[in-house]
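Asks: Next up is a structure, given as structure tokens.
Throughout, read-outs are computed from the coordinates displayed, never taken from laboratory work. Just so it is clear, the model here is predicted, and its values are computed rather than measured. Virtual Cβ from ideal backbone geometry, glycine too; neighbours counted across all protein chains shown.
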Amino acid sequence: MTQRWSSVLIGLLATPVAILMGCGGSKPATPVAPAAAETPREITSPAGDNSGQGNLAVGPGGEVYLSWMETADSGSPVLKFAVLRDEKWSPARTILENEDLLVNYADFPSMLPMGNGLLAAHWLSNIPDADEAYGIKLSFSRDDGKTWSKPVAPNRDHAKTEHGFVSLVANPGGDLGVVWLDSRKLEGPKKTDDVALMYTTVSVDGKLGPETIIDGRVCECCQPVARRTANGILIVYRGRTKDEIRDITTVRFDGSKWSEPKTVFADRWKINGCPINGPSMAVDGNRVAVAWFTGVNDTPKVEMAYSSDGGETFGPPAHVDDGKPMGRVSVVLQDDGALVTWLERGDQGSEWRGRRLDASGASQPSFVVGTTGIGDSAGFPRTVRNGNSVLFAWTDSKARKVRVAVLDRKN
């Protein structure tokens, strides 16, 4: 999301922003059984000072990759990563240091470990001679991040508009599936206000597959998420109808064709601007959990729904938050249900809270992972499961640093 998008959306959302910050009220989730309060334990973070945009990924061998951005001594933005094995971080490595590297709290880089030392990474780069436009860059490493290939762009249009909000997924043939939001239709003689959800493939040697428009009109800057189920690729995103209904939507790829978009649950949230609050999804075989934020009826709420058939159908949503949610959700599946995290407005900032829900949607008491601010500097906290542990990464906006915590469990 560029400065232009930001200023437009702030104007559109002058009233809803108060809602998103928790000025409305909703009934908190009610635990169905007593449980001991859980306390994640913070561990040393490899990120330096003035860091943010933390992101997490788990490799095939159980190693955890943390990527983040910080400011180099030269003053340029730098994209780094480190690997966690047995609660010990590797030395931080640099993927890219470049003054054209875009720093954006909502649209941030990612990594995908593909096994045998093969890594994929994406980031965003400002487009020269276009003050309010940026593009996507992808690169591969065959040696676990020591060296990186020449970057390629997944889109072919070369339009000086926004291309971003990327999700990466590994394909069985060894190439990379890339999902992104594309605003090429916002410019040109036939411009519209439609932002599209698009997909392509990229081989390790940089060869691009065909571009596919999955959905021609989606919410402009809510992050989509792509994951592989037992039956193909599932993408969850915030849709957008012509009447400005922006509910959470899925599409599925069975290996030959994409399905028609299908709503996870009809909140029917009508809002005339992007809330910058995308969904989260976790997948284990054909078990799927989707969590999202909605502000329908001026009532901010975090919800989660389960699917047992790879996202073909979903059960009724469970209410997750404690009454004053800001959203920015993340979800992981566990053996007996799921764990959802979100930002909840507090008296002096926001708390990053978590809550476990079993397969029926029944919940346990919430717990606090960490604290941060309420604005852009809080970023989008991330959560992953690694074996019996859940790892958390978030930006402490007061300390201006990415922090990491771990929650252990027997299952």
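Asks: In percent, what relative contact order does the chain have, based on Cα pairs under 8 Å that are 6 or more apart in sequence?
Replies: Contact order relative to length: 16 percent.
Asks: R0 = 25 Å: FRET efficiency of SER259 with VAL368, Cβ-based, nearest 0.05?
Replies: Given R0 = 25 Å and the Cβ-Cβ separation, E is 0.05.
Asks: Also: From the convex hull of the Cα coordinates of the range 126-200, what is the mean projected area in square nanometres?
Replies: Quarter of the Cα hull surface area: 6.2 nm².
Asks: Return an integer: the convex hull volume of the alpha-carbon atoms of the chain, in Å³ per residue.
Replies: Cα-based convex hull of the chain, divided per residue, equals 136 Å³.
Asks: Something else now. At what distance in nm do the modelled label points of THR212 and ARG85 sit from each other, each positioned 7 Å from its Cα along Cα→Cβ?
Replies: The two pseudo-label positions are separated by 3.6 nm.
Asks: Between beta-carbons, use under 11 Å as the cut-off and find the net charge around PHE140, counting Lys and Arg +1, Asp and Glu -1.
Replies: The answer is -1.
Asks: Which value in nm describes the separation of the simple spin-label points at ASP100 and ALA266, placed 7 Å from the Cα toward the beta carbon?
Replies: 4.7 nm
Asks: Pop out the Kirkwood hydrodynamic radius of the range 58-125 from its pairwise C-alpha distances, inverse of mean 1/r, in Å to one decimal.
Replies: Kirkwood radius, the range 58-125: 12.8 Å.
Asks: Using +1 at the C-beta of Lys and Arg and -1 at the C-beta of Asp and Glu, which of ASN104, THR147, THR161 has the Cα lying farthest in the positive direction of the dipole of the range 70-177?
Replies: So the residue we want is THR147.
Asks: Work out how much length SER149 to LYS398 would gain on full extension: take 0.36 nm times their residue separation and subtract the Cα-Cα distance, in nm to one decimal.
Replies: Separation in residues times 0.36 nm, less the Cα-Cα distance, equals 86.1 nm.
Asks: Mind putting a number on the dipole of the chain about its Cα centre? Charges go on the C-beta only, +1 for Lys and Arg and -1 for Asp and Glu, and I need it in Debye to the nearest 20.
Replies: That gives the chain a dipole magnitude of about 320 debye.
Asks: Fully extended, how many nm does the chain gain between ASP157 and ALA130 (0.36 nm per residue separation, minus their Cα-Cα distance)?
Replies: My answer for the length gained is 8.2 nm.
Asks: With the dipole of the chain worked out from charges on the C-beta (+1 for Lys and Arg, -1 for Asp and Glu) around the Cα centre, which of GLY370, ILE235, GLY349 lies farthest toward the positive end?
Replies: ILE235
Asks: Turning to a different aspect of this structure: If the cut-off is 13 Å between C-alpha atoms, which aspartates and glutamates fall inside it for LYS160, apart from same-chain ones fewer than 8 positions away?
Replies: Leaving aside aspartates and glutamates fewer than 8 places away in the same chain, those within reach of LYS160 are ASP129, ASP131, GLU132, ASP182, GLU187.
Asks: Sorting THR263, THR371, THR395 on the 10 Å Cβ count, fewest up front, what's the list?
Replies: The most exposed by this proxy come first: THR263, THR371, THR395.
Asks: Starting from the Cα-Cα distance between ALA230 and ASP336, subtract it from 0.36 nm times their residue separation and give me the gain in nm to one decimal.
Replies: Here the segment from ALA230 to ASP336 would lengthen by 36.3 nm.
Asks: Would you please put 75-83, 252-260, 200-208 in order of how densely packed they are, using the mean number of other Cβ atoms within 10 angstrom per residue and starting with the highest?
Replies: Result, highest mean Cβ count within 10 Å first: 75-83, 200-208, 252-260.
Asks: How high is the relative contact order of the range 259-411, given as a whole-number percent (alpha carbon pairs under 8 Å, six or more residues apart)?
Replies: Once normalised by length, the contact order is 14 percent.
Asks: Would you please put 217-224, 375-382, 137-144 in order of how densely packed they are, using the mean number of other Cβ atoms within 10 angstrom per residue and starting with the highest?
Replies: Those peptides, ordered most packed to least, come out 217-224, 375-382, 137-144.
Asks: Within the set of other residues whose C-beta is less than 10 Å from the C-beta of ILE127, count the net charge using Lys and Arg as +1 and Asp and Glu as -1.
Replies: -4
Asks: Now, a different point. Checking the table LYS185/LYS401; LYS137/LYS207; LYS146/LYS257; LYS137/LYS242 against a 25 Å threshold on Cα-Cα, which pairs fail?
Replies: In this structure, LYS185/LYS401; LYS146/LYS257; LYS137/LYS242 lie more than 25 Å apart at Cα.
Asks: Compute the orientation-averaged projected area for the range 44-97 from the convex hull of its Cα atoms and round it to one decimal in nm².
Replies: Directional mean of the projected Cα hull area for the range 44-97 stands at 3.7 nm².
Asks: Taking R0 as 35 Å, what's the FRET efficiency between ASP358 and LYS242 from their Cβ-Cβ distance, rounded to 0.05?
Replies: For ASP358 and LYS242, the calculated efficiency is 0.35.
Asks: Here is a follow-up. Based on alpha-carbon centroids, what's the gap between the range 235-249 and the range 330-397 in Å, whole number please?
Replies: Computed from Cα coordinates, the inter-centre distance equals 24 Å.
Asks: If packing is taken as the mean number of other Cβ atoms within 10 Å per residue, what is the order of 190-196, 232-238, highest first?
Replies: 232-238, 190-196
Asks: Find out how many positive minus negative residues lie around GLY115, taking Lys and Arg as positive, Asp and Glu as negative, among other residues whose Cβ is under 14 Å from that of GLY115.
Replies: Cβ neighbours under 14 Å give a net charge of -2.
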